[in-house]
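Below is one structure; the comments refer to it alone.
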Amino acid sequence: MGSTRNSPSGWREAQTAEDLCACTLGFLEGELLSFPGWGAPNLDEESDALVPTLKRCCQAGFLTVASQPAGTELPGADGRMERRRAFVTGFASAHALERMGLELPEGLVLFAHESSMLDVGCGMVVGERGDDAFLLAGGAAGPLELEFFREESTAQAAQDLASWSFVSLIDEDWDQDDRLWSHLDRVLAP
């Protein structure tokens, strides 16, 4: 996978959670055209500006599975206006989770669950369309996300990933985009 040393060439060759992070890095760099559970060959356009931070996350042991920038007054799919909180969700090694919690700025909320825990009702709304919530983050969805990796990588890699925590970092403010990404860039820097 390009410049990533000792990384698998594809999801089916991954043997460890670190290999899955290397594959995610390959996806973010456009070298792999798939991501477990994601039905597109690349990120949504809205996430393009997040790629440098998402790459840093992968390099630090935080395999991201969902993210979005903040925004208000965005046109929704059904014509109603949307607003979104900045968030990132994924599997974090113990070291990455510890670093993410360092000097957590006011306004950022960190949720961490054992990957085996399932409770999608907890967490907070990160997307509203009109008066309706359409997206939640912070819930304990580890088993659901792990299933994608069991289907599209190796059992060994998925088992290793299951030893990591399922984590969400969310900015409480709807229109605050930089605080979350700046925090991750700072605490996950090599």
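The values are calculated or read from the model by the stated rules, or taken from the named source; none is laboratory data. None of the values given here were measured: they were computed from a predicted structure. Neighbour counts are summed over all protein chains in view; Cβ atoms, including those assigned to glycine, are modelled from backbone coordinates with ideal geometry.
Of note:
- Hits in the stretch 34-73 (condition: of a type in the set (A, V, I, L, M) and either at pLDDT 85 or above or in contact with a helix residue (DSSP H, G or I) (Cβ under 8 Å, 6 or more places away or on another chain) (or both)): LEU43, ALA49, LEU50, VAL51, LEU54, ALA60, LEU63, VAL65, ALA66, ALA70
- Any hit, the stretch 100-113, residues being farther than 19 Å from ASP178 by Cβ, without any contact (Cβ under 8 Å) to a residue 60 or more places away in the chain and not small (Gly, Ala, Ser): yes
To keep it simple, each residue is scored yes or no on (1) crowded, with 18+ Cβ neighbours inside 10 Å; (2) closer than 20 Å to ASP132 by Cα; (3) in contact with a Lys or Arg (Cβ under 9 Å, 6 or more places away or on another chain); (4) among the basic types (Lys, Arg).
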residue	(1), (2), (3), (4)
LEU63	yes, no, no, no
ALA70	yes, yes, yes, no
ASP78	no, yes, yes, no
GLU82	yes, yes, yes, no
VAL88	yes, no, no, no
PHE91	yes, no, no, no
HIS95	no, no, no, no
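- Those residues of the stretch 175-188 which are touching a residue at least 12 places away in the same chain (Cβ under 8 Å) and closer than 12 Å to MET100 by Cβ, in sequence order: LEU180, HIS183, LEU184, ASP185, VAL187, LEU188
- Subset tally (residues that are more than 18 Å from the chain's Cα centre (by Cα) and buried (at least 21 other Cβ atoms within 10 Å of the Cβ)) for the stretch 8-33: 2
- ARG186 meets the conditions (1) more than 14 Å from the chain's Cα centre (by Cα); (2) within 15 Å of PRO36 (Cβ to Cβ) in every case but one. The failed one is (2).
- Taken over the stretch 115-149, the criterion of being over 16 Å from the mean Cα position of the chain (by Cα), modelled with pLDDT under 85 and either within 12 Å of PHE166 (Cβ to Cβ) or among the acidic types (Asp, Glu) (or both) is satisfied by SER116, MET117, LEU118, ASP119, CYS122.
- Selection of first residues in the stretch 39-58 that are in contact (Cβ under 8 Å) with a residue 12 or more places away in the chain and under 18 Å from ASP177 (Cβ atoms) and of second residues that are of a type in the set (A, V, I, L, M) and part of a loop (DSSP other than H, G, I, E, B), restricted to Cβ pairs under 8 Å at least 6 apart or on distinct chains, gives the following pairs, ordered by first then second residue: LEU50/LEU43; VAL51/LEU43; ARG56/LEU188; ARG56/ALA189; CYS57/LEU188.
- Here the strands (runs of 3 or more DSSP E) wholly within the stretch 34-114 that include at least 1 residues being under 16 Å from the mean Cα position of the chain (by Cα) are 62-68, 81-84, 87-92, 108-114.
- Residue count, the stretch 6-30 (criterion: within 19 Å of THR154 (Cβ to Cβ), in a loop (DSSP other than H, G, I, E, B) and either at pLDDT 90 or above or of a type in the set (A, V, I, L, M) (or both)): 3
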